[in-house]
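Q: Supplied in structure tokens, the structure appears directly below.
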Amino acid sequence: MLPALPFLRRRATDAVELMDDPDCDPDALDRTYGYFRFVNAAVSGWRGVYRREIRPFLSTSRESTLLDIGSGGGDVATALARWATRDGLLLTVTAIDPDARAHRFATARPALPRLQFRRALSSDLADAGARFDFVVSNHVLHHLTGAQFGGLLADCERLAAPGGRVLLGDIERSTFAYLGFGLGTWPLFRDSYIRADGLTSIRRSFTAPELRAVVPPGWEVVREHPSRLLLRWDGPSAPSAPSRARRSAWVTGDAPLAPLRAKGAGYVTGDAPLPPLRARRAWRAAAQMARVPRAAVPVESGPSAGNSRPEREPSPAVVTAGAADAARATGAAGAAGGDGQRMRDVIVVGGGPVGILLAGLLAVRGLDVEVLERRAEPSRRSRAIGIHPPSMRALDELGLADAVVERAVRIRGGEVRCDGRALGRLTFREAAGRHPFVVSLPQYETEALLRARFDELSPGRYRSGVTVTGVRDRGDRVEVEVEHTGTPPAHSDAGEDPGSAGESGVARTVLEARYVVAADGARSMVRALAGIRGIERGGGDTYLMSDYPAGDLGLAGESAPVGDGPAADSAGDPAADTAADSVGDPAAGPAATDPVATDTVAIDPAATDPAAEHAVLYFERGGVVESFPLPGGRRRWVAMTSSLQPDASSRDLAAIVQSRTGVVLPSSGAAVSAFSVQQRLAERLVSGRIVLVGDAAHQISPIGGQGMNLGWLDGLQLAPALARAIAEPDAAASVLEDYDRHRRRSARMAARQAGFNMMMGRPATGLRLRLRNGLARTLAVPPASGVLASAFTMRWL
């Protein structure tokens, strides 16, 4: 990391920007406002925020509202309005600024149909009872100190509609930002205040730790690169009256920040009023006619300082039971099929981690969901272990984030090594936001938590031992033919037809749903029945994987890692709804019940192992070796091999690890998984009323730990899309097309990243080895390290 320049070690809260002077040159000020659109396009990141935080929640038939606080020359508000219009989405943008000069410039812009500018303070609108689905601001926070900061956050909370989100973007103070902006603008914008005030703004700005220290509970600081911060707050799903009087004071540098007050006061700097802030996202419930009854999580997981909320009201993007029932009542086929069976809103085929998580996300939105799982009993293979920070959002929606973290190992750091020397260290601390680590937990434990939660939300709707044999899209519904033994899948509360049974005792039933989601893995039957082709995207590398008791990683004599390596979340999940084909059992992975032979006494591994919560990647001449911590004092080891070795034992893998790294693994009786990587992408993810998620949609190399997580991110976008498609049939085509486009793009990005991971891990000697090691060292140094950390925490997917 670049050392901090002396004048950047503290916030320069006494520095004043030239354009804040009421008597500044009006022509230079207008040129500054005009140049903002170029500067903000380069450094503010609002295009990405719009794609991730706003667009997925907009509709073609229902209007959403957005407030831009401190809009200045209006460039960000104008861009947001244009992007939504171009995408065919209904978004009305209100941009406010108390400065008459900024208001004059903004209102001189060409008019847009859904954009209005007002000269006002944030407190003016809050006092008037205005509410917005999204509240945003750009480069406002660094103007604030003391009570101004607290007043602005209080105003934002009041201005956010129920279920809304506040998103306040700003610069992060750093040597890289200061030098980069200074050099990048040196030959440009000389007839304006851009360069001088930009450098002053950086000096006044917060660092991520400083901002985290001064925000009240419930506000999340997300570090984006390069040198950007996003302050986010999720509003409650129903109006509430939070007690701000009880909040303690916060401190920024030497200036105390007053507690948030019930009534905001806009903000001022010196004697000149400055633009307020803006940031919020969310869309209201499509129709809040009823609520989904809350159920306690089946594990102890109390709330903690802005982390997951284990018992929560339905998600902001909720379609409640009443809305779903109303939508069903308007369907062409009605709420029942021709045989009298009740039609589900969604049938999810596949009860693995992706399918059951998606089902839970749909259930909390009030949809009638059923899960069909071919296996009669859950697998006990550990398979995928890594849960990335963005995936924690999905667990948070289900109220499971705390429960997962409590059971897991937090991978806080990582190191890349070669020939016994460290090539570099990276950290996820700043890139990961609320969860600055990768969670390591065997997949069977994660699945058990998800199943228990889904059973609370939709009792009896998880059906095991059910095989799908046919899928037919009827235009207004989907028919699903299934075979099952024992109790058939029930589609009504009473009096169901159990289906016809053949001589074999296997019953056959036809089920109906408004939508069917294929989450049945890489060899998806539903995808094949829907006639969707998979496109090969490379692969072929082979690996061995197994779990061993934790031991010495060969780091003696060096300091413990301080950050996460580029694949510290590489969970080695070759068969966990991911892209690898294992030999033998397609769900192969080290079995959780396999005995482990060890002569040592069980002790706390963190007390003896400096890497107990760190990942290590050995980029060795013979091929990569990866090591990741597991709960219970164990580690997962993955090694690239020259060919598929289906008969390899734990001793064989240990021998490979020792020959390449010098690390001697403790003896283990755990099974070994041999797998070959394959990468494929379905030619489309939506076919009428059939939608693909997870490995059914895309097979990605497990090297990098993206498989299960990419499927979960599919679910995070698909759940609100299906909820809206059912509540607003006219919007169905648009929201599902948006899902298809964005998730296919994310899968392509993930495939490229996985390809890079595999390339870096292949055998290397001579010049190739030196070039690879040099690249590894370069990527571990800012600013590349920040970009790399964001990539490997899947922030861009």
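Q: Once fully extended, how much extra length lies between T85 and D27, figured as 0.36 nm per residue of separation less the alpha-carbon to alpha-carbon distance?
A: Length difference between fully extended and current span is 17.7 nm.
Q: Cβ under 11 Å from R768's Cβ, R768 left aside: what net charge do those residues give with Lys, Arg +1 and Asp, Glu -1?
A: Numbers: positive: R621, R762, R770, R772; negative: none.
It works out to a net charge of +4.
Q: I've got another one for you. Could you check the spin-label model distance between R51 and R472? Points 7 Å from the Cα along Cα→Cβ, value in nm.
A: Distance between label points: 4.1 nm.
Q: One-quarter of the Cα convex hull surface for region 629-709, in nm²?
A: Working: hull surface 30.3 nm².
Seen from a random direction, the Cα hull of region 629-709 projects 7.6 nm² on average.
Q: Further question: Quick one: what are the phi-derived ³J(HN,Hα) couplings along region 662-673, Karplus 6.51/-1.76/1.60 with θ = phi - 60°, whole Hz, x for glycine and proline?
A: Going residue by residue, I get x, 7, 9, 7, x, 5, 8, x, 5, 5, 10, 10 Hz, with x marking Gly and Pro.
Q: Using modelled amide H (1.01 Å from N, peptide plane; none on Pro or chain starts), what sits under 5 Å from the amide H of L426, excluding residues fewer than 5 places away?
A: It is G414, G563, D564, G565, by chain and number.
Q: For R165, what residues show an amide H to amide H distance below 5 Å, using hydrogens built from the backbone and excluding near sequence neighbours?
A: Amide H to amide H, under 5 Å and 5 or more residues apart or across chains, R165 pairs with V135, G235, R281, A282.
Q: Modelled label-to-label distance, V16 and D191, 7 Å Cα→beta-carbon offset: nm?
A: Calculated label separation equals 2.7 nm.
Q: Can I ask one more? Distance in nm between label sites at R37 and T778, each 7 Å beyond Cα in the beta-carbon direction?
A: 3.6 nm
Q: Something else: Sum up the charges of everything whose Cβ sits under 13 Å from the Cβ of Q658, counting Lys and Arg as +1 and Asp and Glu as -1, but leave Q658 out.
A: Details: positive: R651, R660; negative: D552, E620, D652.
After counting each charged neighbour, the total is -1.
Q: Report, by chain and number, residues whose modeled amide H sits under 5 Å from the one on L115, excluding near sequence neighbours (fewer than 5 apart, same chain).
A: V93
Q: Related question: Which order do D27, D419 take when ranked by solvent-accessible area (1.4 Å probe, heavy atoms of all protein chains), largest first?
A: Working: D27 95, D419 65 Å².
The ordering from most to least exposed comes out as D27, D419.
Q: In addition: Using only alpha carbon pairs under 8 Å that are at least six residues apart, calculate the relative contact order of region 615-678 and give it in whole percent. Before the final figure, lay out each step's value.
A: Numbers: 76 pairs, mean separation 17.2, N = 64.
It comes to 27 percent, rounded to a whole number.
Q: Still on this structure: For region 23-136, what are the per-bin percents of Cα-Cα distances with bins 5 Å wide, up to the bin holding the maximum?
A: 2, 11, 22, 23, 20, 13, 6, 2, 1, 0
Q: Using a Förster distance of 45 Å, how high is the FRET efficiency between T175 and S649, based on the Cβ-Cβ distance and rounded to 0.05?
A: On the way: r = 51 Å, r/R0 = 1.14.
Taking R0 as 45 Å, the efficiency between T175 and S649 is 0.30.
Q: Return the sequence-ordered ³J(HN,Hα) values of region 29-37 in whole Hz as given by the Karplus equation 6.51 cos²θ - 1.76 cosθ + 1.60 applied to θ = phi - 60°, using x for Gly and Pro.
A: 5, 5, 5, 4, 4, x, 6, 4, 5
Q: Round to the nearest 0.05 the FRET efficiency obtained for R768 and R745 when R0 = 25 Å and r is the Cβ-Cβ distance. Could the numbers behind the result be given before it?
A: Working: r = 31 Å, r/R0 = 1.25.
Computed FRET efficiency for R768 and R745: 0.20.
Q: Would you mind putting 716-723, 214-221 in packing order, based on average other-beta-carbon counts within 10 Å, highest first? Kindly include the intermediate steps, with their values, before the conclusion.
A: Details: 716-723: 25.6, 214-221: 18.8.
Packing order, densest peptide first, comes out as 716-723, 214-221.
The values are calculated or read from the model by the stated rules, or taken from the named source; none is laboratory data. This structure is a prediction, so every number in the text was calculated from the model and none was measured. Reconstructed Cβ throughout: ideal geometry from the backbone, glycine too, with neighbour counts over all protein chains shown. For the accessible areas, the whole protein counts, side chains as well, though only heavy atoms, and no ligand, DNA or RNA atoms are used. Shrake-Rupley method; radii C 1.70, N 1.55, O 1.52, S 1.80 Å.
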